[in-house]
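The values are calculated or read from the model by the stated rules, or taken from the named source; none is laboratory data. Because the structure is a prediction, the values reported are computed rather than measured. Positions of Cβ are backbone-derived with ideal geometry, glycine not excepted, and every protein chain shown enters the neighbour counts. Each accessible area value is taken on the protein alone, full model and side chains, heavy atoms only, with ligands, DNA and RNA left out. Shrake-Rupley method; radii C 1.70, N 1.55, O 1.52, S 1.80 Å.
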Amino acid sequence: QVQLVESGGGLVQPGGSLRLSCAASGSIFSIYAMGWYRQAPGKQRELVARITSGGSTNYADSVKGRFTISRDNARNTVYLQMNSLKSEDTAVYYCYARKVVEVSTAIHYWGQGTQVTVSS
C-alpha cells in the first residue's frame, strides 16, 4: 500500500500563490507517476498536473504557464507551485500516485484532498 499526505491548501486572494505538497510512504518502489486532480462543484474532474519517475511533466491547458510541478526524490515528495491564482482554480485538490502492477494495468492511490479557495 501507498500512503499519501497532502498539505498546503487554504484561502488566497486572486493573483496570489500557494504551494501544495504530497508526501508518499509505504510501498513506493513501483510508483510510475504522481500528481494532482481537482474537483469543483459543477465541473468535470480534471487532471491538473503530473510528473513521472523519469521526470516528464504534463499540465492541463487551464494551468499552463501558472502552475509548476516538481519532485524531491530523496523525500518522496511532489510539489505543485500555483501562481497567479484565479477564482476558477477553487476546488478540492487530490494528490495521486500511480503504480503499474502488470502490463496494461495500474493502481491509483489517493491523498485525503485539500481545499483551495481563491476569493477576494
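Taking D61 as the residue in question, decide whether it is open to solvent by less than 60 Å² (accessible area, probe 1.4 Å) and of a type in the set (D, E). No, not satisfied.
The number of residues in the stretch 83-119 that are under 17 Å from the mean Cα position of the chain (by Cα) and without any contact (Cβ under 8 Å) to a residue 24 or more places away in the chain comes to 2.
Within the stretch 65-82, the residues that satisfy the criterion of being closer than 12 Å to A49 by Cβ and in contact (Cβ under 8 Å) with a residue 24 or more places away in the chain are I69, R71, V78, Y79, L80, Q81, M82. Pairing residues of the stretch 8-28 that are under 21 Å from G65 (Cβ atoms) with residues that are at pLDDT below 95 and of a type in the set (G, A, S), at Cβ distances under 9 Å and at least 6 apart in sequence or on separate chains, gives Q13/S120; P14/S120. Of the numbered criteria (1) touching a Ser or Thr at 6+ places or on another chain (Cβ under 9 Å); (2) within 16 Å of Q3 (Cβ to Cβ); (3) not hydroxyl-bearing (S, T, Y), the one N83 fails is (2). Filter the stretch 46-58 for residues that are open to solvent by less than 50 Å² (accessible area, probe 1.4 Å) and in contact with a Leu (Cβ under 8 Å, 6 or more places away or on another chain) and give the result. If the condition is that a residue be open to solvent by less than 50 Å² (accessible area, probe 1.4 Å) and in contact with a Leu (Cβ under 8 Å, 6 or more places away or on another chain), then V48, A49 are the ones that fit.
Picking from residues in the stretch 32-45 that are in contact (Cβ under 8 Å) with a residue 24 or more places away in the chain and open to solvent by 30 Å² or more (accessible area, probe 1.4 Å), the one that is farthest from Y94 (Cα to Cα) is Y32. Can you name every residue in the stretch 77-113 that is among the polar types (S, T, N, Q), open to solvent by 60 Å² or more (accessible area, probe 1.4 Å) and modelled with pLDDT under 95? Within the stretch 77-113, just S104 meets the criteria. Here is a list of conditions, (1) modelled with pLDDT under 95; (2) loosely packed, with under 14 Cβ neighbours inside 10 Å; (3) more than 14 Å from Y94 (Cα to Cα), and S17 meets all of them except one; can you say which number that is? Condition not satisfied by S17: (1).
Considering the stretch 65-76, the residues that are within 15 Å of G16 (Cα to Cα) and more than 13 Å from the chain's Cα centre (by Cα) include one that is least open to solvent (accessible area, probe 1.4 Å), namely R66.
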